[in-house]
Every structure is written in structure tokens, then in C-alpha cells.
1. Would you call T224 within 14 Å of the chain's Cα centre (by Cα), surrounded by 20 or more Cβ atoms within 10 Å (Cβ to Cβ), in contact (Cβ under 8 Å) with a residue 24 or more places away in the chain and more than 22 Å from V184 (Cβ to Cβ)?
2. Restricting to the range 5-42, and then to whatever is in a helix (DSSP H, G or I) and open to solvent by less than 30 Å² (accessible area, probe 1.4 Å), can you tell me which residue is nearest to F178 (Cα to Cα)?
3. List pairs: first residue in the range 109-138 and more than 19 Å from L291 (Cα to Cα), second residue open to solvent by less than 20 Å² (accessible area, probe 1.4 Å) and modelled with pLDDT under 95 anywhere in the structure, Cβ distance under 8 angstrom, at least six positions apart or on different chains.
4. Any idea which of (1) in contact (Cβ under 8 Å) with a residue 60 or more places away in the chain; (2) surrounded by fewer than 22 Cβ atoms within 10 Å (Cβ to Cβ); (3) of a type in the set (G, A, S); (4) in a helix (DSSP H, G or I) is the one G264 doesn't satisfy?
5. Given the structure, is V233 open to solvent by 40 Å² or more (accessible area, probe 1.4 Å) and closer than 30 Å to W175 by Cα?
6. If a residue must be open to solvent by less than 10 Å² (accessible area, probe 1.4 Å) and in a loop (DSSP other than H, G, I, E, B), how many such residues does the range 159-213 contain?
7. Those residues that are assigned to a loop (DSSP other than H, G, I, E, B) and either over 22 Å from V277 (Cβ atoms) or of a type in the set (G, A, S) (or both), I need them from the range 128-158; list them, please.
8. In the range 233-248, which residue that is at pLDDT 90 or above and outside any loop (DSSP other than H, G, I, E, B) is farthest from A44 (Cα to Cα)?
Amino acid sequence: MIAGGIFVILFSAILNPKANLAGTHGPMIPLIPIIALAGGHPLALGILIGVFGLILSITKGGSKLMSLTGVGVRGGLLIYLGAVGLISQISKFESWAAAENVSTVSFVVIGVTLIIYAVLARLKKRWLAIPLCSAIAGGIAYVMGVNFEFTTAPGLPHMNPFWWWGENTGWQLGWPDFGHYIAVIPFAILAVAMWSPDFLGHRVFQELNYPKKAKDVLMDVDDTMAVSSIRQVVGAFLGGGNIASSWGTYMIPAAIAKRPIPGGAILTALLCVLAAVFGYPMDLAMWEPVLRIALIVGVFLPLLEAGMQMVKKRK
């Protein structure tokens with residue numbers, strides 16, 4: 001509701017069409033248990049990430065990085081992000097399949113997915129990869145006996161910060177004190193430091209796929225950082241444990257389809273709100289075969305492919 005209903009429509013679709021959507025910072029998700037063990041507080045972390053991110057945006061840190069980064073570094077970065085992400089998603093998918101005693105499913109689904117993606121790339125229809133491959137992956141998994149059921153009932157989340165940050169309600173953590181802010185400083189700095197390669201990868205992917213004359217539709221790195229920072233603070237205040245970043249699973253397919261940010265942003269926001277209200281679509285989107293394959297074909301394979309293409313064309 002916060003990501004789609006408030007920020008995507010208000011900022012990326014209306015106020016600043018060059019700011020990419022504010023999504024989730026995937027690489028930071030595994031660190032959340034460590035942050036909790038270190039005495040971190042989700043609200044303190046969210047506020048500090050927002051503050052540091054706004055400082056970086058105001059000082060034009062992101063755009064300075066863009067101007068300093070050579071073509072070889074950009075290509076290598078795309079290959080690195082694509083390869084690491086691909087290996088991570090396949091490993092998580094295989095671990096889940098092994099835990100569910102359906103190890104064959106991951107092998108079959110990934111094999112079929114690679115064949116379909118290769119055919120779509122050959123036909124220059126890669127924009128079809130996410131819906132088609134995800135649907136086929138879910139269908140294969142279900143036919144092979146993987147259990148799936150809808151559990152998230154329709155409704156709206158709590159949007160009252162006093163409920164989320166009460167002593168006996170929500171997170172049951174209370175409001176953060178000074179010690180909580182001190183504990184999360186290293187993690188907040190790490191989160192914002194990891195933004196730069198993330199943002200750079202998304203911008204470079206646009207440059208590779210968009211027509212050479214399409215300068216005015218390329219995402220502005222600093223503006224995207226500002227939107228992500230504001231969304232981080234508001235989201236944390238309203239109870240979210242999410243760490244915000246540039247929305248790669250939006251930007252990369254949009255670049256493949258050669259579409260500017262605003263139109264797709266409105267459609268994405270409406271679908272986000274509908275999914276939040278109806279509940280059940282989120283169960284399907286978070287089902288392992290669908291989730292992993294969507295990330296593989298929608299983000300990491302295209303990044304890897306683009307990086308290899310970029311390095312191949314340059315000395």
C-alpha cells in the first residue's frame with residue numbers, strides 16, 4: 001500500500017517521471033536478523049537510512065559516481081550483479097526444493113525456464129519472460145506435486161504507527177531510544193553504500209536498451225535516491241521493516257520493453273494496491289517457484305546478458 005499507493009503514483013508517475021520506483025533492497029534482507037541481534041530497532045534503522053540517503057542525494061553522490069565509472073567497470077558490475085544474483089536465486093530455490101522433498105522440481109523448472117528464455121531472447125520477446133516463465137514454473141511445480149494454498153485473506157494492513165510501535169502491539173518493541181540509533185549506524189551506512197551499484201546497474205541497463213536519442217527518459221540517480229530515502233522513513237514510521245532501494249524488477253523489464261517510467265508506474269501501483277487489498281495474489285507472488293523464476297528471468301539473467309554484451313563491444 002505504501003510503495004504503490006503513495007510513492008509510485010505520487011513521485012514516479014506524477015511529480016518526477018525520471019525517478020525510478022522505490023522498491024526493496026534485496027541484498028540487505030539476510031542482514032535483518034543480524035541487525036536485530038546487534039540491538040537494532042527497525043524504526044531507528046529506517047530513519048537513519050533515510051537521512052543518509054537524502055544527504056547522498058543532495059550532494060549528488062550518485063550522479064558523481066555515474067560520471068566517474070568507466071564503461072569496463074559498468075559492464076563488469078552488470079556481470080557481477082547478474083552472476084551473484086543468479087547463483088543466489090538458484091541456490092535458494094534448490095534449498096527450498098530439498099526441504100520440501102521435491103528436489104527434481106527445481107532442476108526441471110530451471111531447465112525449462114532457461115530454454116524458454118533463450119527462445120524469447122532469440123525472438124526479441126524478452127518482455128514476455130516474467131509472466132510466461134513464472135506461469136510455466138508455477139504450473140510445472142503444481143503438476144509435479146508441490147503443495148500450494150492461499151492463506152492471506154483480503155483486508156487492509158494497520159497504518160497506525162502507535163499500534164506498530166507500542167509495547168504490546170505490532171512489533172512489540174516500543175519507540176527507539178538513543179542507543180538504538182547508535183546500534184544501527186553501521187547498518188544504515190552499509191545500506192546506503194550498497195545503493196550506488198544497485199542504482200548504477202539499473203541506469204546502465206536503461207542506457208543499453210533505450211534508443212540513443214532517448215536521454216530525457218533515463219532515470220535520475222539522485223532523484224531516485226531522494227524518493228527511496230523518503231519512502232524509507234515513511235514506510236518505517238508506518239510499521240514497515242522493508243529496506244528501500246531502486247526497484248530493479250520494475251526498471252529492467254521496463255527497459256527491455258523500451259518504455260519510460262510513468263505509464264508503467266501507474267499500472268504497477270494499481271496492481272500493488274489491488275494485491276494488498278485482495279491479499280491472495282501476494283501468496284502466489286511469494287510462492288518459491290514463481291518468485292525465484294521471476295527474479296531470475298526478470299533481473300539477473302538480463303543483467304548478466306547485458307554485462308557480457310557491454311564487455312564484448314568494448315576493448
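The values are calculated or read from the model by the stated rules, or taken from the named source; none is laboratory data. Given the structure is predicted, the values throughout are model-derived calculations rather than measurements. Backbone-built Cβ (ideal geometry, glycine too); neighbour counts: all protein chains shown. Protein only, heavy atoms only, side chains kept; ligands, DNA and RNA dropped before computing areas. Shrake-Rupley method; radii C 1.70, N 1.55, O 1.52, S 1.80 Å.
1. yes
2. This residue is I35.
3. Partner pairs satisfying both residue conditions: L120/A129.
4. (1)
5. yes
6. 2
7. Correct list: M144, G145, V146, N147, A153, G155.
8. Per the stated criteria, the residue is S246.
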